[in-house]
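Input: a single structure, listed below in structure tokens.
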Amino acid sequence: MKVKIFPSKISGHVSAPASKSSMQRACAAALLHTGTTRIKNPGTSNDDKTALNIISQFGAKTQFTEGELTINSPGFPEGLTGENKIIGCGESGLSVRMFTPIAALSSIKMILEGEGSLQNRPMNFFDQILPQLGVQIISTNGRLPLEIKGPLQPADISVDGSLSSQFLTGLLFAYGASVKKPVTISVNDLKSKPYIDLTLDVMQHFGYNISHEDYKYFRVKPKNDRVDSVIYYTVEGDWSSASFLLVAGAIAGGVKVSGLDEKSSQADKAILKVLRDCGADVIISNEFIEVRKSALKAFMFDATDCPDLFPPLVAMAAYCKGNSVIKGMHRLASKESNRAETLKEVFGLMGVDILLHNDEMIIKGGDPVHGAEISSHNDHRIAMAAAVAALGARGNIFVSHAEAVNKSYPEFFADLQKIGGVSEITEP
């Protein structure tokens, strides 16, 4: 799909989409819970659908009714039947990294597959860790597909957290669901700590008993028995997706976004700090967060713990006078695209100079953003960043492979139009 985005002045009110980070974790917790889980504000992105498909293959029953999702599970691996299951993880990095240790709780052989760029993302963490826990594993040179056979036996273990916190999330769920006595996971160089906070928040809600010492030692104790006949969980609004809307307000007029929790564990709520630092007009109320256009100045920000903010921050930096610096670029190599190189290419076509130096991305802002034809490289956040940057451009911007937004924010272009962003589909 190719979308044409026109320079536009925006104004209006939109609700943040459901957080896929929160939704996918809730799906894992609901699978492991023996009984019923009712999820309010469920997500509908491709990654959310992947998580629902996985838990369905693992024995859970799902049903949507009037904006609420009901999940009935016999528990896991108790509800698993059959042999040699093939589990499709789509393009969801969180799903494959979170559900692989969970799948390893079973003695049934599993083959976990992926699509698109996920096939090239490193999974060698499992090659190193799972055999230490009694799990047989065969990978494809550290990539998908993975063939595993458990059952996983929780034990004190030391792991590397430098590539992604998602691997630790999967281990925490698997350990939490199976430990019979306290066990410790020692973690070296953990990145994206706020995402682990989100994991622990969800697990605590479902009765798990996990503590940590400075994110270096995670103590997992046997799960608390829940006496509830039904567990209720509400999916948060998504700061990652909403960051594009908030940046759009700073660039092209003004926007009010509801459904965001300023006290959330989500790492990408840090967008508020950057918006303030660069001079955007930010107003926070109980009902919404409002961002209005003002003269923007260059900023410096360390995005090591929130690398998904790079694309919206680059779009904003293009309109900030001076050179903005974003640190933590090494976190971008294993995303849907090599995101640092993709941002440099895409924004270069729009007349924005980007320098990649060591672990820093330096964006020269303040010059006009030009119309251009660009590709999303099948990366949802690149498509949204280009569309937001187009709002203040001198000329129209065409984004091909724009359907990539379905991975995280299917309603993105509809919501952009709702607040005055003008776009049209030029190719289906």
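The values are calculated or read from the model by the stated rules, or taken from the named source; none is laboratory data. Keep in mind that this is a model prediction, so the values were computed, not measured. Here the Cβ is made from the backbone with ideal geometry for all residues, glycine too, and neighbour counts use every protein chain on show.
Summed over region 383-415, residues that are crowded, with 24+ Cβ neighbours inside 10 Å and touching a strand residue (DSSP E or B) at 6+ places or on another chain (Cβ under 8 Å) total 10.
Do we find that VAL3 is in contact (Cβ under 8 Å) with a residue 24 or more places away in the chain, buried (at least 24 other Cβ atoms within 10 Å of the Cβ) and part of a strand (DSSP E or B) in this structure?
Against the criterion (in contact (Cβ under 8 Å) with a residue 24 or more places away in the chain, buried (at least 24 other Cβ atoms within 10 Å of the Cβ) and part of a strand (DSSP E or B)), VAL3 qualifies.
Name the one entry in ALA317, ALA340 that is in contact with a strand residue (DSSP E or B) (Cβ under 7 Å, 6 or more places away or on another chain), in contact (Cβ under 8 Å) with a residue 12 or more places away in the chain, within 17 Å of GLY249 (Cβ to Cβ) and not aromatic (Phe, Trp, Tyr). So the residue among ALA317, ALA340 that is in contact with a strand residue (DSSP E or B) (Cβ under 7 Å, 6 or more places away or on another chain), in contact (Cβ under 8 Å) with a residue 12 or more places away in the chain, within 17 Å of GLY249 (Cβ to Cβ) and not aromatic (Phe, Trp, Tyr) is ALA317. In this structure, does LYS149 turn out to be buried (at least 18 other Cβ atoms within 10 Å of the Cβ) and touching a helix residue (DSSP H, G or I) at 6+ places or on another chain (Cβ under 8 Å)? Considered against the rule, which asks whether it is buried (at least 18 other Cβ atoms within 10 Å of the Cβ) and touching a helix residue (DSSP H, G or I) at 6+ places or on another chain (Cβ under 8 Å), LYS149 comes out as no.
Does at least one position in region 174-190 carry a residue that is charged (D, E, K, R) and in a strand (DSSP E or B)? Scanning region 174-190 turns up no residue that is charged (D, E, K, R) and in a strand (DSSP E or B). Number of residues in region 65-85 that are surrounded by fewer than 15 Cβ atoms within 10 Å (Cβ to Cβ) and modelled with pLDDT of 95 or more equals 1.
A search for C-beta distances below 7 Å between a residue of region 14-38 that is farther than 22 Å from ALA267 by Cβ and any residue that is among the aromatic types (Phe, Trp, Tyr), counting only pairs 6+ apart in sequence or on different chains, returns LEU31/PHE58; LEU31/PHE76; LEU32/PHE76; LEU32/PHE173; HIS33/PHE206; THR37/TYR233; ARG38/TYR232. If we scan region 46-53, do we find a residue that is in a loop (DSSP other than H, G, I, E, B) and either of a type in the set (A, V, I, L, M, F, W, C) or buried (at least 20 other Cβ atoms within 10 Å of the Cβ) (or both)? No, because not a single residue in region 46-53 is in a loop (DSSP other than H, G, I, E, B) and either of a type in the set (A, V, I, L, M, F, W, C) or buried (at least 20 other Cβ atoms within 10 Å of the Cβ) (or both). Among all residue pairs at least 6 apart or on different chains, which show Cβ distances below 6 Å where the first residue, located in region 99-117, is under 16 Å from LEU171 (Cβ atoms) and the second is assigned to a loop (DSSP other than H, G, I, E, B) and modelled with pLDDT under 95? Between residues of region 99-117 that are under 16 Å from LEU171 (Cβ atoms) and residues that are assigned to a loop (DSSP other than H, G, I, E, B) and modelled with pLDDT under 95, the close pairs are LEU105/PRO77; SER106/PRO77; SER106/LEU80. The set of residues from region 104-119 being in a helix (DSSP H, G or I) and surrounded by 19 or more Cβ atoms within 10 Å (Cβ to Cβ) comprises just one member, LEU118. For region 56-63, the criterion of being over 30 Å from ILE419 (Cβ atoms), of a type in the set (A, V, I, L, M) and surrounded by fewer than 17 Cβ atoms within 10 Å (Cβ to Cβ) is met by no residue. Of all the residues in region 330-348, those that are at pLDDT below 95 and either closer than 17 Å to ASP367 by Cβ or among the hydrophobic types (A, V, I, L, M, F, W, C) (or both) number 2.
Does GLU290 meet the test of being farther than 18 Å from ALA389 by Cβ and at pLDDT below 95? Break it down stepwise before answering.
Details: farther than 18 Å from ALA389 by Cβ: yes; at pLDDT below 95: no.
Taking the combined requirement at face value, the residue does not satisfy it.
Taking (1) at pLDDT 95 or above; (2) touching a Cys at 6+ places or on another chain (Cβ under 9 Å) in turn, SER192 satisfies each apart from (1).
Matching residues to (1) outside the structural domain of LEU94 (by TED's automatic domain parsing); (2) free of Cβ contacts under 8 Å to residues at least 40 places away in the same chain; (3) within 26 Å of the chain's Cα centre (by Cα):
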residue	(1), (2), (3)
THR140	no, yes, yes
PRO151	no, no, no
ASP160	no, yes, yes
PHE173	no, no, yes
GLY176	no, no, yes
LYS180	no, no, no
LEU190	no, yes, yes
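Output the residue which, of all residues in region 254-280 that are surrounded by 15 or more Cβ atoms within 10 Å (Cβ to Cβ) and charged (D, E, K, R), is farthest from the chain's Cα centre (by Cα).
To start, the set of residues in region 254-280 that are surrounded by 15 or more Cβ atoms within 10 Å (Cβ to Cβ) comprises 254-260, 264-272, 274-275, 277-280.
Still in the running and charged (D, E, K, R): 256, 268-269, 277.
Working: LYS256: 22, ASP268: 10, LYS269: 13, ASP277: 24 Å.
Step by step, filter region 254-280, then rank; the result is ASP277.
Is there a residue being free of Cβ contacts under 8 Å to residues at least 12 places away in the same chain, closer than 29 Å to ASN72 by Cβ and surrounded by fewer than 23 Cβ atoms within 10 Å (Cβ to Cβ) anywhere in region 227-240? Yes.
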